[in-house]
Structures are given as structure tokens and as C-alpha cells.
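The structure appears right after this line, and notes come after that.
The values are calculated or read from the model by the stated rules, or taken from the named source; none is laboratory data. What you see is a predicted model, and the numbers here were worked out from it, not measured in a lab. Here Cβ is always computed from backbone atoms with ideal geometry, including for glycine, and neighbour counts include all displayed protein chains. These area figures cover heavy atoms from the full protein model, side chains too; ligands, DNA and RNA do not enter into them. Shrake-Rupley method; radii C 1.70, N 1.55, O 1.52, S 1.80 Å.
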Amino acid sequence: GNSVTQMEGPVTLSEEAFLTINCTYTATGYPSLFWYVQYPGEGLQLLLKATKADDKGSNKGFEATYRKETTSFHLEKGSVQVSDSAVYFCALFERSGGSNYKLTFGKGTLLTVNP
Amino acid sequence: NAGVTQTPKFRILKIGQSMTLQCTQDMNHNYMYWYRQDPGMGLKLIYYSVGAGITDKGEVPNGYNVSRSTTEDFPLRLELAAPSQTSVYFCASRIDLTTYEQYFGPGTRLTVT
């Protein structure tokens, strides 16, 4: 079946540091890939997406490139802020049978950014 | 536009008690989902619905039931609460088959003791 593996946390950085959170996936077909962010006490929000190989998703200074050859979708940001402190989830979106599409989530990576 | 709302925010249940977690969306979305999030884990799909009157099991449906009598509402029922159901529960919705983004509610934190 499909699966998503993302780097274990927690990750602690100083403000303005460079961020990378690794994500790799296994899938039977050609999935779409997502990063979701969960701020403290809130539900998940879509951060960025990429729907086909070599697509780059970007939002709020975050970027991730869909690499089919390495089955990866690593999240990067050049200069993190304290407000980026949150849990980040990598997710895969693929047809799961019939008319339903399924989101498969990684375990999440807690990021803490210190001033 | 409220989006996806969930009630209650927190609840403590004793073993064997029952409760219903409420979920409502005001975006006229056809697809709705219930997930649970255990500490250090990703989200696991409990049940989903592709429209009013239609529901189906996800990965971890045991111990739960759902109904979808209207487009807006998708309640999740726990009949005999067990400690293994201690978790954070998220409801989500999506407009249709061709739209990727799921919109999540703020979650319900449930503790069963």
C-alpha cells in the first residue's frame, strides 16, 4: 500500500535558520503530494502541493519539489520565523478504489523556532 | 464563512460511556472525513462519506459509527468508549472528486479513563 515517511522530530532552529524536513513516499501510481501544517491547538491547513513530477509547490516562503526519481518531496524554507513553529505533515493523495481518493499522512515533524 | 466546525473541543469519558462528536461544514462540500490523530503518529481515517446518505469505512472503523443525513453534518458516534479511543479527532471536508484540498476542523480532544 501507499506510505509516507518523514524525518523524525522534533526539530529546533534559531530564527532565520534554513529548514529542511525530509519526506519520501511509496505509491503504486502517480500520486499528488502535499505538505500540511498544524499550528498549536488548530486543525491541519494545506501549506503547498504538487500534482506531478518536477512540479514545485510554494507558499509563505516554503517550497517543495516533487522528485519522482527519488520518490521525495522535501520541505524547505530559507529563513524560518518564530511563527513557523508548528507540526508539519507530508501527505500523499491517490485514488484508493471506486470513486474515493485517499490522503495518506506521515507521522508529522514538530518544528520549534527560537528567537 | 465558518468552514468546518467541531464540538466539543474537549471531553473526558469513562470506559463504556457513549458520545457523539459533532461536525458541520458550511461550504456545501460533498466529501467528509473523520480522522484520529494519536501522539507521534499521522492521521488515520476512521470513516468517510461521499454525499448525504452514503458512508464507508476507512482504515480504523472499529468502535465507531457515522451517519450523513444532510450535506452539512457528519457526526461520529462512539458507543462503548475504550481507553484505546483516547485521541484527537479531526473532521475534514472536500468539495468533490477533482479538488485535492481537504479543509480540517479544529479537532476534538477525547480522553477515555
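Table for the structure above
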quantity: All aspartates and glutamates inside 16 Å of A:K107 as judged from Cα atoms, apart from same-chain residues fewer than 8 positions distant; calculated: A:E8, B:D38, B:E59
quantity: Rel. contact order, % - alpha carbon contacts under 8 angstrom, at least six apart, chain A; calculated: 36 percent
quantity: Accessible heavy-atom area order of A:D84, B:D96, B:D26, A:D54, highest first, probe of 1.4 Å; calculated: A:D54, B:D26, B:D96, A:D84
quantity: Options B:P61, B:Y48, B:C23, ranked by Cα towards positive dipole end of region B:21-77, top entry (Cβ charges); calculated: B:P61
quantity: Relative contact order of region A:30-69, pairs being alpha-carbon contacts under 8 Å that are 6 or more residues apart, as %; calculated: 31 percent
quantity: Student exercise, the protein assembly as shown dipole from Lys, Arg, Asp, Glu Cβ charges, in Debye to nearest 20; calculated: 500 debye
quantity: Projected label distance in nm at A:Y39 and A:D55, using a 7 Å step from Cα toward the beta-carbon; calculated: 2.5 nm
quantity: For region A:53-113, with +1 on Lys and Arg beta carbons and -1 on Asp and Glu, the positive-most of A:Q81, A:F105, A:A64 along the dipole; calculated: A:F105
quantity: 10 Å Cβ shell holding at most 12 others, DSSP loop, trypsin sites (Lys or Arg not before Pro): longest site-free stretch of chain B; calculated: B:15-113
quantity: Normalised contact order of region B:31-113, rounded percent, pairs of Cα under 8 Å and 6 or more residues apart; calculated: 28 percent
quantity: Eligible lysines near A:K77 by straight Cα distance, threshold 16 Å, same-chain separation 8 or greater; calculated: A:K49, A:K56, A:K60
quantity: Dipole magnitude (debye, nearest 20) for chain B, charges at Cβ of Lys, Arg, Asp, Glu; calculated: 420 debye
